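Working notes, beginning with the structure itself.
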Amino acid sequence: MCGIVGYLGNKEAYPVLLKGLHRLEYRGYDSSGIALLSDSGELNIYKSKGKVSQLEELTTGKDISGTAGIAHTRWATHGEPNTENAHPHYSNSGSLALIHNGIIENYAVLKASLIEKGYVFSSDTDTEVLVQLIDYIKTSGNHSLYEAVQLALGRVIGAYAIAVIDQDSPDQIVIARKSSPLVIGIGENEYFFASDASPIVEYTNQVIYLNDDEIAVIDRNEKLKITDLKNVEKTPEVIKLELSISQLERGNYPHFMLKEIFEQPQTIADCMKGRVNLEGTNVVLSGVIDNRERFLNARRIIIVACGTSWHSGLIGEHLIENLCSIPVEVEYASEFRYRNPVIYPDDVVIAISQSGETADTLAAIELSREKGAFIYGICNVVGSSIARASHSGSYIHVGPEIGVASTKAFTGQVTVLTMLALTLAKEKGTLVQEDLTKMIRTFQKIPQQMIRILQKSGDIQEMAKIFTYARNFIYLGRGYSYPSALEGALKLKEISYIHAEGYPAAEMKHGPIALIDIEMPVVVIATNTKIYDKVISNIQEVKARCGKIIAIVSEGDEEVKKLADYYIEIPKTLECFGPLLAAIPLQLLAYHIAVNKGRDVDQPRNLAKSVTVE
Ligand code: G6P
C-alpha cells in the first residue's frame with residue numbers, strides 16, 4: 001500500500017531509488033515518482049501514471065543527477081491514479097517535496113485552513129496537505145525542516161511513513177513514522193530508508209526499524225538523530241538483516257508467483273526446522289511453550305486476520321478445536337475492530353499476517369490488548385508492526401513473498417498453526433504420545449509430497465487451457481477443505497479476474513446451485529476424508545445439472561475420478577494436513593489460467609500486497 005524509498009550519501013541517488021521502487025512495486029503500482037536534489041542545487045521532481053517502468057521512460061534524457069532523493073510507488077486512496085496525484089508532492093514555495101505511505105485523516109480541515117492562508121493545491125490527495133502544512137509552519141515560524149515536520153505531525157491525525165526533502169537544506173532528509181513501516185539502512189557515510197528492507201539489502205545489512213511517533217534526521221554531516229514528537233532523543237537499536245538478494249529475484253521463473261509456488265517444499269521444511277524433531281516424536285513452538293499457562297488457561301482463542309491469512313485462520317480453527325478442544329473463533333479483523341466485540345482478559349488472540357502491517361489486523365490487536373487479551377502474532381516479515389505489537393508469536397520463515405497473490409505465506413501460516421495445535425495438544429494432554437508421533441511423522445512428509453504435486457504443473461497447465469474462457473467458477477469443499485475452497489477461489493479471482501466463489505459443499509443446494517449449468521466449472525476438493533461420501537453426493541448434485549467437475553482427489557481414489565470431468569491426484573495424508581497439499585494444485589490452476597489470459601500475474605490490477613490503510 002504505497003512504497004517509499006530514499007537515499008542520502010555519496011552515490012548517485014537515482015539508480016538506488018529506481019531499483020528500490022522496483023522492489024517495492026508489490027506495495028502499489030498505479031503511479032510513481034521521484035524527487036532529486038540535483039548537483040546544481042535544483043529540486044527535480046518526476047512523476048508518472050502507471051508502473052515504475054513508465055517513470056523510467058519519463059526520466060530518459062532528464063537531469064537525474066544528485067546524491068539525495070526520495071521516491072514513491074502508489075496505491076491510490078484519495079484521488080485517482082494520475083500524474084497530479086502521484087507522489088512526491090511539493091510545496092507552493094517549490095522548496096519542499098514529500099512522499100507518504102498512509103492516510104491523513106483530518107486532511108480536509110487542514111486543507112481548508114491552508115487554502116484560507118492562500119495555499120493552492122494541485123492534487124486531490126491527503127498527502128499534499130502535509131507538505132503545504134510543513135511549508136507553512138517552516139516559513140511562517142522561521143523553523144528548521146526538522147522542527148517544521150515535528151510541529152506539523154503534532155497536528156495530524158492518521159497514519160504515515162513520510163520523507164521530506166528541502167532545497168534549502170540539501171544535506172538533510174527528514175523522515176517519520178506512525179503506523180506505517182519505515183526502516184533505515186546504515187552504510188559507510190550513506191543512508192537508505194524504505195518501507196521494507198528489500199531496497200536496502202544489497203548495500204548494507206545494518207538497519208534500524210523506526211518506531212511509531214519517531215522522527216529521524218538523516219544528515220550528511222551529522223550523526224543520525226532520532227527523536228519522538230516531543231523532541232525526546234531516542235537510542236536506536238541497530239539490527240542485522242537476515243535477507244539475501246536471491247530471495248528478492250525471480251531467477252529463471254517467468255513470475256514471482258510461480259517461483260513462490262515452487263519454493264513451498266523448501267519453505268515448509270524451513271518453517272518446520274528446529275520446531276519438529278527429526279525422529280518425528282515432538283513438536284515445540286517456543287512461543288507457545290514460553291506462554292504455556294496463557295494458552296492452557298485460555299477461555300477461547302480468537303483468530304483475527306484478513307484475506308488469505310483469514311483463510312489460514314479458518315484452518316487453524318479446525319486444527320485447534322479438533323486437536324486441543326479449545327473453542328476458537330475466526331474474525332475478519334476489519335469487522336472485529338468495529339463491532340465492540342466481547343474480549344476477556346483470559347482470551348488468546350492470534351493475529352495472522354504475512355506482511356505484519358495490515359492496518360485492520362493491527363487495529364484488532366490494539367483493541368484486544370486494551371481489553372487485556374494475550375496477543376500471539378503469526379507473521380512472515382521479521383520486525384513488522386504486528387510482530388512488534390504482539391506479546392509473543394511465531395514467524396513462518398518462508399522468505400519474502402513478492403507476488404501479490406499469497407501462496408507460500410499461506411502454506412507457511414497453516415504449517416505454523418499446525419505446529420501450534422500439536423504443541424498445545426501435547427501440553428494439554430488431548431493427544432497421547434503414540435497418536436502425536438503418528439501425526440508428526442505424517443506431517444514431516446508434506447514437503448516431499450508437495451514436490452510430487454508440483455511435478456504435475458504441466459498437466460494442470462493443459463487443463464487450464466480448457467477453462468481459460470470460463471466466466472465464473474465455483475469451488476467446493478467440506479471440513480478442512482472448505483477454507484481451501486475459499487482460498488482456491490480467491491487465488492483465481494485475484495489474478496485472472498474470473499468471478500469465483502468458494503462454498504461449503506453442502507451449502508451449494510441453498511442457493512448457488514441455481515448458477516450451475518453446462519458452462520459452470522466446479523472445483524471440488526474431494527480428498528479422502530471422513531465425509532468423503534457426502535462430498536460425492538454434492539458432486540452428483542452438480543453433475544445432475546451438467547456442471548463441469550474438476551476434482552482434487554487422493555491418490556488411489558476410484559469413485560470421484562469416475563464422476564469428475566477432470567481430476568488432479570494428490571498424495572494421501574491425514575485430513576488435518578490436507579489443506580497444505582490441496583493448496584498447490586489450486587494455486588497452479590489459478591496461475592496457469594491467469595497466464596493464458598495474459599494477466600499481470602505478479603501485480604494484478606487494483607490490488608496491493610500490504611494493505612496499510614483500513
Ligand atoms: C492483501 C493481499 C492479500 C493478503 C491480505 C492480508 O489483500 O493482497 O494477499 O492476504 O492483504 O495481508 P496480510 O499481510 O495481513 O497477510
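The values are calculated or read from the model by the stated rules, or taken from the named source; none is laboratory data. All of these numbers come straight from a predicted model, not from anything done at the bench. Positions of Cβ are generated from backbone atoms using ideal geometry, with glycine treated the same way; all protein chains shown enter the neighbour counts. What goes into the accessible areas is simple: the full protein's heavy atoms, side chains included, and nothing from ligands, DNA or RNA. Shrake-Rupley method; radii C 1.70, N 1.55, O 1.52, S 1.80 Å.
Run the Debye formula on the Cα coordinates of the chain, all scatterers equal and no solvent, and tell me log10 I(q)/I(0) at q = 0.07, 0.11 1/Å. For the chain, the Cα-only Debye profile gives -0.46, -1.05. For region 241-319, the equivalent ellipsoid built from the Cα gyration tensor has semi-axes of 30, 19, 13 Å, listed from largest to smallest.
Below 11 angstrom from the Cβ of LYS445, what's the summed charge of the other residues (Lys, Arg +1; Asp, Glu -1)? Residues close to LYS445 contribute a combined charge of +3.
Spin-label pair ARG369-TYR344: with each label point 7 Å from Cα along the Cα-Cβ axis, the two points sit 2.3 nm from one another. When a/c is below 1.5 the answer is rounded, else prolate if a/b is larger than b/c, else oblate, so apply that to region 215-351 with a ≥ b ≥ c taken from the square roots of the Cα gyration tensor eigenvalues. Cα axes put region 215-351 in the oblate bin. Expressed in Å, the radius of gyration and Dmax of the Cα atoms of region 52-163 are 14.3, 41. Per residue, the chain reaches -11000 deg cm²/dmol at 222 nm when only DSSP H runs of four or more residues are counted, each adding -39500 (n - 2.57). The angle separating the long axis of helix 408-428 from the principal Cα axis of greatest extent in the chain is about 60 degrees. Heavy-atom accessible area with a 1.4 Å probe sorts THR267, THR442, largest first, into THR442, THR267. Semi-axis lengths, largest first, of the ellipsoid equivalent to region 378-484 are 30, 22, 14 Å, with √(5λ) applied to each eigenvalue of the Cα gyration tensor. Placing a label point 7 Å from the Cα of ASN106 along the Cα-to-Cβ direction, the residues of region 146-173 whose backbone N falls under 11 Å of that point are 153-158. With a Förster radius of 35 Å applied to the C-beta separation of ASP565 and ASP600, the computed FRET efficiency comes to 0.75.
Annotated for region 1-155: lysine pairs at least 8 residues apart or interchain, Cα distance under 26 Å, count 16. Annotation: VAL238 carries an accessible surface of approximately 80 Å², with a 1.4 Å probe and no ligand, DNA or RNA atoms counted. With every protein chain in place and a 1.4 angstrom probe, the accessible-area ranking of ILE315, ILE64, largest first, reads ILE64, ILE315.
Normalised per residue, the accessible area of region 19-146 is 37 Å², obtained with a 1.4 Å probe and no contribution from ligands, DNA or RNA. Accessible area of HIS255 (1.4 Å probe, protein heavy atoms only, ligands and nucleic acids ignored): about 40 Å². Between the C-alpha center of region 171-192 and that of region 347-416 there is a gap of 24 Å. Count Lys and Arg as plus one, Asp and Glu as minus one, and take only other residues whose Cβ is under 15 Å from that of SER537; the net charge is then +3.
Accessible surface comparison of LYS111, LYS259, LYS62, probe 1.4 Å, protein chains only, largest first: the order is LYS62, LYS111, LYS259.
Against the chain, whose longest principal axis is taken from its Cα atoms, helix 107-116 shows a tilt of about 20°. With an a/c value of 1.5 or above and a/b not larger than b/c for the gyration tensor axes a ≥ b ≥ c computed over the alpha-carbon atoms, region 312-357 is described as oblate. The label point for ARG220 and the one for ARG471, both projected 7 Å from the Cα toward the Cβ, are 6.2 nm apart.
For region 111-131 versus region 476-537, the inter-centroid distance based on Cα atoms is 49 Å.
Close amide H partners of ILE302, meaning residues 5 or more places away or on another chain with modelled amide H under 5 Å apart, are GLU329, VAL348, VAL349, ILE350. Accessible surface of ASP517, taken over heavy atoms with a 1.4 Å probe and every protein chain present, rounds to 70 Å².
Charged neighbours of ILE549, selected by a Cβ distance under 10 Å, balance to +1 (K, R count +1; D, E count -1). Region 430-466 and region 555-576 have Cα centres spaced 13 Å apart.
Only protein atoms count toward the accessible area here, which uses a 1.4 Å probe; on the chain, the carbon and sulfur part of that area reaches 49 percent. Using the Karplus relation 6.51 cos²θ - 1.76 cosθ + 1.60 with θ = phi - 60°, the per-residue 3J(HN,Hα) values for region 79-89 come to x, 5, x, 9, 5, 4, 7, 5, 8, x, 9 Hz, with x marking Gly and Pro. How much of the DSSP beta bridge set in the chain is antiparallel, as a percent to the nearest 5? Counting only bridges with both partners in the chain, antiparallel ones make up about 60 percent. The shape of region 421-509 comes out oblate: with a ≥ b ≥ c from the C-alpha gyration tensor, a/c is at least 1.5 while a/b does not beat b/c. Only the Cβ atoms of Lys and Arg (+1) and of Asp and Glu (-1) were treated as charged; on that basis the dipole of region 45-159 about its Cα centre amounts to roughly 80 debye. Sticking with the crude label model, points 7 Å out along Cα→Cβ, report the distance from ASP228 to ASN10 in nm, one decimal please. Spacing of the two 7 Å Cα→Cβ label points: 3.7 nm.
In the context of the full set of protein chains, residues of region 294-396 present 33 Å² of accessible surface per residue (probe radius 1.4 Å, heavy atoms only). A Förster distance of 22 Å, applied to the separation of the beta-carbon atoms of ILE115 and ILE157, puts the FRET efficiency at 0.70.
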